[in-house]
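Structure, as structure tokens:
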């Protein structure tokens with residue numbers, strides 16, 4: 001398991017907690033930050049052809065989505081209904097430390113064209129009720 005994570009803040013030491021199956025084709029390795037009890041980390045693996053649940057952020061002070069590797073997209077819908085799609089490709093020009101902040105009230109969903117890995121940093125640490133899983137139309 002990983003012992004550090006490279007972010008826009010630099011290399012941060014982390015400790016593995018557990019692996020969770022989010023849904024078919026999506027797993028999350030849960031970590032704590034060794035020097036930051038005010039936030040936690042999930043490194044999420046999305047299998048080729050799968051998507052994460054469509055989620056609305058209900059609470060929290062900061063939610064960061066960070067691309068690691070693979071090919072796919074993160075779609076974010078703001079409260080006013082505008083949609084922004086961030087695309088990532090293994091051999092593209094994207095920075096592996098690309099981070100997108102998603103705000104309370106916004107919708108988000110990752111989709112994988114190839115196996116895809118991203119990280120999610122939650123401040124304060126994740127707890128049930130932070131996200132609402134929505135039905136896709």
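Bear in mind these aren't lab numbers, they're just calculated from the coordinates by the rules spelled out. Since the structure is predicted, the reported quantities are computational estimates derived from the model, not experimental observations. Counting neighbours? That spans all protein chains shown, and the Cβs are built from the backbone with ideal geometry, glycine included.
How do 2, 130 line up, fewest other C-beta atoms within 10 Å first?
2, 130
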Quick check: pseudo-label points 7 Å beyond the Cα along Cα→Cβ at residue 80 and residue 36, how many nm apart are they?
2.9 nm
Please state the relative contact order of segment 3-137 as a whole percent: Cα pairs under 8 Å, 6+ residues apart?
31 percent
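Could you calculate the FRET efficiency of residue 11 with residue 101 from 1/(1 + (r/R0)^6), where r is the beta carbon distance between them and R0 is 25 Å, rounded to 0.05?
Values: r = 20 Å, r/R0 = 0.80.
Working from the Cβ atoms, E equals 0.80.
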Distance in nm between residue 87 and residue 133 label points, each 7 Å along Cα→Cβ, equals 2.9 nm
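How would you order 98-111, 59-72 from highest to lowest mean count of nearby Cβ atoms within 10 Å?
Details: 98-111: 16.7, 59-72: 18.3.
Result, highest mean Cβ count within 10 Å first: 59-72, 98-111.
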Residue exposure sequence - 45, 36 - by fewest surrounding Cβ within 10 Å:
36, 45
Mind sorting 33, 88, 16 by how few other Cβ atoms lie within 10 Å of their own Cβ, fewest first?
16, 33, 88
